[in-house]
């Protein structure tokens, strides 16, 4: 197919495929619910996009089922008129994950799965390999700040790096050569129903690793690997446990330094992750293990981790407070599970001891709020002040009785404020902050340029 229509083109995971096929000379069109900075970039790169879900918006040149492949994301409702048109008229309609699966069949795919940590870990791997002899093509779930894109393209490399999304069992379409599992904290229970079935999905994912491949799994996870004969299983952690682990960890002068210990007596001293957040010790160990398994040298690993600038919305420091005494710090993080929220807050407190931390947390999904409200409240209670707008629904319809107050009312911070999203900027204008942190998987990031502008005047 030389024509591809993407339904949900502006999603971070779809956008890298849009870019991939544009760079390969395909004609690309698509739909997304709202314009964004990312959709503007895709249009500049050649994609023809609409923001109305009416089938009348489909370009005439994409209405031939013999010429056009249709790719969709499960985040788009089944009632979407454009998606319905394609299904009613005999088009080949495939999930984004199925298309990625085809790419993993023809490459040595490094697939990173987990309830959290997968974007940062896959981005680290991509940054190591793109500057190494091995090279890689990478489809990332965030914008790699080193390149300004969620796609790394290297036509000569046999390696692909894939963020393996467990939502809707999408990662079951993949064919990994090297697989990493970072975490299995229950998530997406609207899909899986309970923790047991969620964990089973990860077991199935491990069964897809090719014979001769490698599974690199974090220590202490609850799922059971179910690998084929000939697959090497290794463990890792950011502590003292695992086939791959960190030793001699030091914090100081805004840096983290550690020694990587690997199988067969491997020892690499002086590793310094470019984004010095404690959780990145875990992520760096996993990324190094995968890159070394793929053939990168210790020197390439050290250089790639040191130069890593992070992915956008993954502990992204917008303002570091260094411009003058008393200047506020602004940090944004995609954390959207209780453990992620807790780790992000603790990392900030470790980086800025003694300073007041104010967190704006935007709950994402009614089901996630319903299922984990007590856990979110406990995690957020470690902040000094919590500001919370209404739930961002994404693909969901409201659930009676499920609101942000399910979380906020149980938060034990000394200050807590409910504020509708439309009023957040006014609240920020009239408040003082030492550290302001925005958290969540919703659309809070669209306010960051305005928040940054407000804080720049302090």
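Kindly state, to the nearest 0.05, the FRET efficiency for residue 324 paired with residue 43, given R0 = 35 Å and r defined as their beta-carbon distance.
With a Förster radius of 35 Å, E is 0.35.
Treat the stretch 238-373 as a sphere of radius equal to its Kirkwood radius over Cα pairs and apply Stokes-Einstein at 20 °C in a medium of 1.002 mPa s; give the translational diffusion coefficient in µm²/s, rounded to a whole number.
So the translational diffusion coefficient is about 129 µm²/s.
What's the center-to-center distance, using Cα atoms, between the stretch 294-359 and the stretch 388-439 in Å?
Answer, in whole Å: 22.
Give the Kirkwood hydrodynamic radius (Å, one decimal) of the stretch 108-158, defined as one over the mean of 1/r across all pairs of different Cα atoms.
11.0
Using a basic spin-label model with each label point 7 Å from the Cα along Cα→Cβ, how many nm lie between residue 106 and residue 204?
Reported label-point gap for residue 106 and residue 204 is 2.6 nm.
Need one number: nm distance between label points at residue 195 and residue 417, each 7 Å from Cα along Cα→Cβ, rounded to one decimal.
Once both label points are built, they end up 3.6 nm from each other.
Tell me, what is the percent relative contact order of the chain, built from C-alpha pairs under 8 Å that lie six or more residues apart?
Value for the chain: 11 percent.
Please identify which residues in the stretch 101-124 have an amide N closer than 17 Å to a label point set 7 Å out from the Cα of residue 395, following the Cα→Cβ vector.
Output list for this probe position: 101, 114-115.
Given the convex hull of the Cα atoms of the stretch 170-250, what is a quarter of its surface area in nm²?
6.0
Averaged over every viewing direction, what's the projected area of the C-alpha convex hull for the stretch 32-74? Give it in nm², one decimal, please.
3.7
For the stretch 316-456, how big is the tail of P(r) above 21 Å, as a whole percent of Cα pairs?
37
Of the listed peptides 293-305, 415-427, what is their order by residue-averaged count of other C-beta atoms within 10 Å, with the highest listed first?
Result, highest mean Cβ count within 10 Å first: 293-305, 415-427.
Calculate the length of the line joining the C-alpha centroid of the stretch 182-240 to that of the stretch 244-272, in whole Å.
25
Suppose we keep just the DSSP beta bridges with both residues in the chain; what percent of those would be antiparallel, to 5?
In the chain, approximately 25 percent of DSSP beta bridges are antiparallel ones.
I need two numbers for the stretch 3-95: Rg to one decimal and Dmax as a whole number, Cα atoms only, in Å.
Both quantities, over Cα of the stretch 3-95: 11.7, 33 Å.
State the Kirkwood hydrodynamic radius of the chain in Å, one decimal place, computed from all pairs of distinct Cα atoms.
Computed over the chain, the radius equals 22.9 Å.
Based on the inverse mean of 1/r over its pairs of different Cα atoms, what is the Kirkwood hydrodynamic radius of the stretch 107-306, in Å?
Kirkwood hydrodynamic radius for the stretch 107-306: 16.7 Å.
Using 7 Å Cα-to-Cβ label points, what is the residue 370/residue 89 separation (nm, one decimal)?
3.7
For the stretch 150-212, take the alpha-carbon Rg, divide it by the Kirkwood Rh, and send me Rg/Rh.
Radius of gyration over Kirkwood radius for the stretch 150-212 works out to 1.03.
Throughout, read-outs are computed from the coordinates displayed, never taken from laboratory work. The structure displayed is predicted, hence computed values, not measured ones. Quick reminder, even Gly has a Cβ in these numbers, built from the backbone with ideal geometry, and neighbours come from all protein chains shown.
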